[in-house]
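Notes follow the structure.
Please treat every number below as a calculation from the coordinates, not as lab data. The structure presented is a predicted model; accordingly, all values stated were derived computationally and were not measured. In this analysis, Cβ positions are derived from the backbone assuming ideal geometry, glycine residues included, and neighbour counts consider all displayed protein chains.
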Amino acid sequence: MRRSRASYAHRDSGLSFPQLTLLEPLMREERMPVGRLAAGADVSVPTATRMLKQLEVKGVVVRERSAEDERQVLVSLTEDGAVKLATMRDRLRERQARSFEVFTPEERVQFVALTRRLTEFITGADKAEGAGGDGTGDGTENEGA
């Protein structure tokens, strides 16, 4: 499914799905540091930097040093980049809506409920792993250490 979604997205806008994930926060905030974009896309800063350099060459983004902190690189979409990103996002949403048409209204409700339950389970498992594995996710099991 991911491969299908990625192929569809790239064909329409020239952007890959990982690039969309990296850039989507720039639709809400005009300029963002590379580190925040990387964290939001769940990729390393070097990976994000490499992707952004490629996107800059394609005219999708502009990278510039922060005036307040020259160690920080701020990223913004170009006009062309904003159009490509919006087009890709709209087409993916349209495709998703068409995909859900195969389900009855009751099945859609059930699908959403099961997806939420799965997300809660995965999120809980991630918290438990980060907290020491007792499943509580509150980190109290390591307080004496």
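Length available on full extension from T104 to E70: 0.36 nm per residue minus the Cα-Cα distance, which gives 6.8 nm. Under 5 Å between amide hydrogens, built in the peptide plane, is the criterion, and for L74 it picks out E64, R65, S66 among residues at least 5 positions away or on other chains.
Modelled label positions at V62 and A113, each set 7 Å beyond Cα in the direction of Cβ, lie 5.0 nm from each other. Among residues other than V45 with Cβ under 14 Å from its Cβ, the summed charge is +4 (Lys and Arg +1, Asp and Glu -1).
If you take all other residues with their beta carbon under 12 Å from the beta carbon of Q72, and give Lys and Arg +1 and Asp and Glu -1, the sum is +1.
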